[in-house]
Every structure is written in structure tokens, then in C-alpha cells.
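Visitor: Got a structure for you, questions after.
The values are calculated or read from the model by the stated rules, or taken from the named source; none is laboratory data. Fair warning: this is a prediction, and the values are worked out from it, not measured in the lab. We place every Cβ from the backbone using ideal geometry, glycine too, and count neighbours over all the protein chains shown. Areas reflect the complete protein model, heavy atoms only, side chains present, ligands, DNA and RNA absent. Shrake-Rupley method; radii C 1.70, N 1.55, O 1.52, S 1.80 Å.
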Amino acid sequence: MDAALAARFNPQAWPFSADGLPAGACLVGGAVRDALLGRLSDPLDLDWVVPNGAVETARSLARQHQAGFVLLDADRQIARVVFADMTVDFAQQEGDRLEQDLRRRDFTINAIAYDWQRQTVIDPLGGQADLEQGLLRMVAPENLVDDPLRLLRAYRQAAQLSFSIEPETAAAIAQLAPLLPQVAGERIWAELQRLLNVPPPHPVLVEAIASGLLAPWFPEATPECMSTLADHWQQLQAQVPEWPHWFTAIGPGGRLSHLAYAWLTRLLPSDRDRALESLLALKSSRAEQRSLLQLQQHWQNCQTSKAATTAGQVALFQTLGKLVPVLLVQLEASELRQTLLRRYQTPNDPIAHLQPLVSGTDLQVSLGIRGGPRLGQLLQDLRVAQAEQQFSDSAGAIAFAARWLQESPLPQ
């Protein structure tokens, strides 16, 4: 198996030859884990540990193949070579022996090395046994303290691999949870995105909420809420054949899947200002903040009669667009959910797929109205009137707008 493992990496397709690497160079981490599991996928990210000269090895390889070079950590001697279809990291071995380096890692399944030249697996911590059992086990509590982001990474990797977190490890994470806010918000957000992008059902996310790990940003989130969302997902997936396809898309901001938007909408505090504070603390993008707050507002509207009105539904579909299925996951099975789902699935529905007959620019040119909140309100009322079929062409829309302006004079 050890010799056959090399073939799983398909080194013939690499943009460089491993034969030229320093003696003692070993593959470590996720690539070795995934190769043992038979789940390697492109593009490959390879992590090498070398006894010495890690930065110079990376720089030389980048120079030789005209690839990108990035110095990641000068003190710890970590550097990256960026090829068109592969990223290769080199790190200086910590300690006199490779085993010492492996004992500083987060989880046993990530503390397996592969000696490329000798074609042997180095597994001093029993990582292969944990792979076979589907267990994520910490190497040592102090390793989690060294980088508290590993606390959240445990849940993300468990979700991605469909593994269980070993009970002693789960207890240590819960105990050390207060350390996570020490980590930079952007690092937490990146790790959280990876966790939330994993397809449902989401028992690991429920466990993460129950551990208290995410409470500083999502103080109102409960395991029961996450379980309810998973139930809604299963209901809708059984009802709508194309349901999973709607959730493969990446939403506004380009990093979160539509599925992640569904979880986040209910994780956030219910108060808009507090929700925004959490998103700002996590360094989310403005596009992500805007979409999440809009989803939250429309979900709250759905708890009242507002979403049942023509105006409410026009605003909902116009604002959310392709994120409407995200809102549907939030809703209990009800007549409203069925109505919104039916409208979304009907291509010519006059409310869900409204094509405005005139634009703001058209109104400014035709009627001389200036841009601003008044124009925004007029456009909103025009969409509602069009959905109610009060006119059927652009001339009718302009006439409606002219009457609206006469009946809604400028405030004194």
C-alpha cells in the first residue's frame, strides 16, 4: 500500500519533479489524509516538510519553473510555490525528527506523513486507525491552544469528511471555546464559510452550536433551530426535484453557497444592528452583509401578514432574486411557503418574475423626476401596480407614474 500510495498523487501530471527535492522531504497533512481515503481531487494542494532550507527550496523551484513564489512565514521558514493548477507549500521541519513535527499538529488524521523517496507512511499517532474509524481526534489539548482556530477547524473537517469528533476532543473544544475570539475575524470567517458550505444534513453544525464555540458571534443560535432547518431542507428536497441544484450556486460576494446563506440567516442575532455587528466582526464583505440582512428582514416579514400582500411579495422577489430558495428553507410548512415556492417555480409569474416596463432612467427622462428616495418609492409602487395588472405597456407605466407624481407632491 505504501508504494501504491504514490500513484494516487499522479506525480506524472505535476508541473515539477519530486526527485529534485532535498533528502528527507515528506508530504504531510491533508493531501496524505485524502490520498489514504481515496478522495484526492484537483486542484492539488501539497504540503512538504523538509529537514532544512524550506524557503530556499521553494524559491529555487519557483525560479526553475517560472512559477509564483510567496514567503508565508520567514521566522518559521514557510513558503509557497504557485503553479497554474497546483499550490505547493514548503515548511521547515520543527524539531530534530519528523515525529516531533507531527506531534505539533492539530489532529491525528493530519499528522500522517509520506516519505516520498522511501515510499513509506510515517504515522506515529495512529492517524490511519482514526481514518478507518471515521474519527477526528486531537493530538494534544496544548496544540489547540497554540492556534485556537483549530477548535473551529475540527467541526469543519468533521463535516467535510463525514467524521465524528472523538468525545475527549469534543470536551476539550468546549472547554477551550473562549479562546476562539482571540483569532482574527477574517480567519474565523474563512473557516466558517468552509463549514457552512458543506451540503446538509448538518449534524456537525448542530454540535458546533451546542459546544458554545460560536456564541460570541451568534448568541441566539440554538441546536434546535439548526435541526429545524435541516428538517425543512429534507422536506423541500423531497418536494422539489431541482432543489439541490438551486443550492449549488455561490451567492453575492462569491464565497458563500446559497446553503451557507440559509444557515447564517438563522444563526445571526434577530436585531438588525446586532446582526451587522457580528458580520462586521467576522470581516464579511459588504455584498454578504447586504444579502444576509435582506434575507433576515424578509424572514421576519414572513412572520407577519406583510409577506402575504402583493407589495410584500413583489419586494421579496425583487430584492432576493435567486436567493428566494434560501428564504424558503427558513419557513415552516405553510400556505405562504407553498405560494412563494409555486410563484418561484412558475417562469411567467407576474410577481416572482416581474420584468419592469420602465426603468428609473426612463422616468427621469420622461417626467423630469430626480434620483433619490422619492424615485425609489415610485419605482416600488410601479412594480406593485404592474403585478396587479393596472397597466400592460410602458406607456401605461409612464401614465401611472405621472398620476403618482401629481398625487404625491414634494414635501414642503
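Visitor: Of all helices (runs of 4 or more DSSP H) completely enclosed by region 160-254, which ones contain at least 2 residues that are under 28 Å from residue 280 (Cβ atoms)?
Guide: Counting at least 2 such residues, we get 167-176, 185-196, 203-210, 223-239.
Visitor: Sticking with this one: When you check residue 53 against the structure, is it modelled with pLDDT under 95 and either polar (S, T, N, Q) or exposed (fewer than 14 other Cβ atoms within 10 Å of the Cβ) (or both), yes or no?
Guide: Criteria not met by residue 53.
Visitor: Kindly provide the set of residues from region 276-298 that are open to solvent by less than 60 Å² (accessible area, probe 1.4 Å), farther than 21 Å from residue 325 by Cα and part of a helix (DSSP H, G or I), ordered by number.
Guide: Within region 276-298, 276, 278, 279, 281 qualify.
Visitor: If you don't mind, there's one more thing I want to ask. Considering only region 380-412, how many residues are of a type in the set (Phe, Trp, Tyr) and assigned to a helix (DSSP H, G or I)?
Guide: 2
Visitor: Out of region 321-344, which residues are among the hydrophobic types (A, V, I, L, M, F, W, C) and crowded, with 18+ Cβ neighbours inside 10 Å?
Guide: Scanning region 321-344 gives 323, 324, 326, 327, 328, 329, 331, 340, 341.
Visitor: What tally of residues in region 171-191 results from selecting those that are in contact with a helix residue (DSSP H, G or I) (Cβ under 7 Å, 6 or more places away or on another chain) and either over 24 Å from residue 268 (Cβ atoms) or of a type in the set (A, V, I, L, M) (or both)?
Guide: Count: 8.
Visitor: Quickly run through region 358-379 and pick out the residues that are of a type in the set (A, V, I, L, M) and either open to solvent by 60 Å² or more (accessible area, probe 1.4 Å) or not in a loop (DSSP other than H, G, I, E, B) (or both).
Guide: Scanning region 358-379 gives 363, 365, 367, 375, 378, 379.
Visitor: Restricting to region 105-136, what's the tally of residues that are surrounded by fewer than 22 Cβ atoms within 10 Å (Cβ to Cβ), within 27 Å of the chain's Cα centre (by Cα) and assigned to a loop (DSSP other than H, G, I, E, B)?
Guide: Residues in region 105-136 being surrounded by fewer than 22 Cβ atoms within 10 Å (Cβ to Cβ), within 27 Å of the chain's Cα centre (by Cα) and assigned to a loop (DSSP other than H, G, I, E, B): 1 in total.
Visitor: On to the next question. How about region 92-134: which of its residues are touching an Asp or Glu at 6+ places or on another chain (Cβ under 7 Å) and aliphatic (A, V, I, L, M)?
Guide: Across region 92-134, the qualifying residues are 109, 112, 121, 122.
Visitor: From the list 58, 35, 62, pick out the single residue that is at pLDDT 90 or above, within 26 Å of residue 139 (Cα to Cα) and open to solvent by less than 40 Å² (accessible area, probe 1.4 Å).
Guide: Answer to the check: 35.
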